[in-house]
1. I'm trying to understand the selection: among the residues of the range B:124-144, which are under 17 Å from residue B:72 (Cβ atoms) and touching a helix residue (DSSP H, G or I) at 6+ places or on another chain (Cβ under 7 Å)?
2. Mind telling me which of the residues A:178, A:139 ends up being open to solvent by 10 Å² or more (accessible area, probe 1.4 Å) and touching a strand residue (DSSP E or B) at 6+ places or on another chain (Cβ under 8 Å)?
3. Out of all the residues in the range B:120-129, is one or more more than 19 Å from the chain's Cα centre (by Cα) and part of a loop (DSSP other than H, G, I, E, B)?
4. All but one of (1) surrounded by fewer than 17 Cβ atoms within 10 Å (Cβ to Cβ); (2) more than 30 Å from residue A:17 (Cα to Cα); (3) within 13 Å of chain B (Cβ to nearest Cβ) hold for residue A:119, so report the exception by its number.
5. Applying the selection to the range B:135-184, what residues are in contact with a Phe, Trp or Tyr (Cβ under 7 Å, 6 or more places away or on another chain), part of a loop (DSSP other than H, G, I, E, B) and within 14 Å of chain A (Cβ to nearest Cβ)?
6. What number of residues in the range B:1-39 are of a type in the set (A, V, I, L, M) and outside any helix (DSSP H, G or I)?
7. I'm told residue A:132 meets every condition in (1) farther than 14 Å from residue A:97 by Cα; (2) open to solvent by 20 Å² or more (accessible area, probe 1.4 Å); (3) modelled with pLDDT of 95 or more except one. Can you identify the failing condition by its number?
8. From the residues in the range A:145-175 that are of a type in the set (Val, Ile, Thr) and either under 14 Å from residue A:37 (Cα atoms) or open to solvent by less than 20 Å² (accessible area, probe 1.4 Å) (or both), which one is farthest from the chain's Cα centre (by Cα)?
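The values are calculated or read from the model by the stated rules, or taken from the named source; none is laboratory data. Small disclaimer: the values here were computed from a predicted structure and weren't measured. Ideal geometry is used to build each Cβ from the backbone, glycine not excepted, and the neighbour counts take in all protein chains shown. Accessible surface areas use protein heavy atoms only, side chains included; no ligands, DNA or RNA. Shrake-Rupley method; radii C 1.70, N 1.55, O 1.52, S 1.80 Å.
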There are 2 protein chains.
Amino acid sequence: MTSPSRTVTAALLIIGDEILSGRTQDTNLRSLALFLAPFGVELREVRVVPDIHETIVSAVNALRAAHDYLFTTGGIGPTHDDITADAVAAAFGVSIGVREDALAILKAYYATRATEINEGRLRMARIPEGATLILNPVSGAPGFQIGNVFVLAGVPSIMRAMLEDVGPRLQGGARVLSSSLRAAGVREGDFAAALGEVAKARPHVSIGSYPFMQPAPGGGTDYGVTLVVRGREIGAVGEAVETLSDLLLALNVQPEISPIA
Amino acid sequence: MTSPSRTVTAALLIIGDEILSGRTQDTNLRSLALFLAPFGVELREVRVVPDIHETIVSAVNALRAAHDYLFTTGGIGPTHDDITADAVAAAFGVSIGVREDALAILKAYYATRATEINEGRLRMARIPEGATLILNPVSGAPGFQIGNVFVLAGVPSIMRAMLEDVGPRLQGGARVLSSSLRAAGVREGDFAAALGEVAKARPHVSIGSYPFMQPAPGGGTDYGVTLVVRGREIGAVGEAVETLSDLLLALNVQPEISPIA
């Protein structure tokens with residue numbers, strides 16, 4: 001369900017020492033942003049915090065108050081460093097314990113794998129009071145939703161699978177549409193002032209300018225700029241793209257333009 | 001310079017709509033974490049914010065107060081959406097304008113490329129009052145340091161090159177040493193309770209547990225767990241690694257152990 005006139009924003013809280021230490025490259029930010037866009041939900045803030053109870057609690061409370069939705073990733077497994085469920089319960093001021101519905105899911109999952117549910121695995125059935133479960137088709141142990149907070153796994157394949165169960169729960173707003181113009185062989189500084197004028201005259205779209213550099217097939221470096229136009233009105237986005245295309249053509253640069261989507 | 005008894009922490013503020021929209025995959029977080037570790041500087045918090053002046057100002061002020069160092073990436077190019085320098089100046093309450101030292105660097109850089117310094121490029125010489133420059137050997141336009149804040153480019157190759165000029169300015173603390181045990185064919189739930197006991201008895205190290213799954217060479221999925229021991233005392237890290245190795249061997253799992261580094 002979407003209400004086309006409303007701006008709906010989301011935040012992501014990435015929980016995990018392994019991201020902050022550089023051991024693991026996060027990819028969940030990008031997956032979430034791309035998942036949310038078609039629902040008309042805009043990712044507007046991300047924080048990465050270590051596995052420290054108080055830090056997680058205060059980040060959850062700051063972000064759930066500031067945005068329509070908050071997603072968390074990481075820290076919901078069976079081990080001692082998985083403290084997200086407890087921290088979210090504390091943030092909401094509710095109790096947490098093993099829940100029968102979550103336990104039933106774990107029992108069914110492990111029964112088919114001839115695996116016992118021991119003390120560690122039981123931890124994964126601990127769900128804050130008042131939360132609803134989020135299905136995990138990959139490895140059984142569910143995530144959960146409490147209020148406007150969705151608590152997801154950190155392993156990317158599991159996180160993405162859980163999002164399928166989240167989508168129908170979202171009440172999106174106006175979709176942000178975007179189109180990009182990729183201009184090779186030109187530098188930002190060649191047209192920055194003119195670009196600034198175009199952007200300033202168009203308050204209903206945002207125009208981002210992103211230089212790129214990459215090794216050229218024949219040696220040396222290919223460079224250029226990608227301009228990204230974003231906005232909620234298709235007409236305004238289209239007009240800005242045309243104006244920018246003309247600006248680049250006047251510099252003898254033929255941009256590759258992506259369809260508005 | 002390091003003072004071995006002190007914990008020195010850093011935060012990273014990633015500035016850019018392109019990261020939040022999912023268009024661009026951030027890699028600077030990981031590069032920075034890996035760069036800082038040998039200096040005894042621990043990355044403890046990361047925020048990603050959009051290109052909005054007030055949002056950047058308040059994030060800069062929150063993070064520079066909470067940590068020994070703050071790094072920012074993104075938003076220091078020549079275009080209208082490059083607003084980081086102004087936001088950092090506002091956060092410090094200082095003025096900003098074209099600085100002669102920065103302009104001299106740009107002039108020298110563009111002179112060798114037969115490129116004019118126009119209005120857009122001049123923006124890249126705008127530096128907050130009291131800041132010192134950070135060398136950019138890739139594309140000329142410098143970053144800058146003001147107080148405990150280092151303002152770096154967002155393009156990964158430029159950001160990494162700038163870090164070379166930052167390293168000598170850091171006063172690190174005790175290095176965090178780590179070692180990992182990679183255990184194939186075992187699941188977290190198989191030993192979570194025992195692992196929790198080991199971790200609880202060792203307050204001077206942190207033990208992280210990270211499941212992995214990957215396609216097996218012969219089809220199906222390889223799975224396992226990587227345990228990461230981190231701490232500032234080499235003896236304590238070594239003892240924990242040995243204890244965990246014994247725990248895994250008792251489950252008939254032979255871990256691959258990385259040297260403590």
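1. Result: B:124, B:126, B:127, B:128, B:133, B:134, B:135, B:136, B:141, B:142, B:143.
2. After ruling out the rest, the residue left standing is A:178.
3. yes
4. Among (1) surrounded by fewer than 17 Cβ atoms within 10 Å (Cβ to Cβ); (2) more than 30 Å from residue A:17 (Cα to Cα); (3) within 13 Å of chain B (Cβ to nearest Cβ), the lone unmet condition for residue A:119 is (2).
5. The one that is in contact with a Phe, Trp or Tyr (Cβ under 7 Å, 6 or more places away or on another chain), part of a loop (DSSP other than H, G, I, E, B) and within 14 Å of chain A (Cβ to nearest Cβ): B:140.
6. Adding up the residues that qualify gives 8.
7. Every condition holds for residue A:132 apart from (1).
8. Here the answer is A:146.
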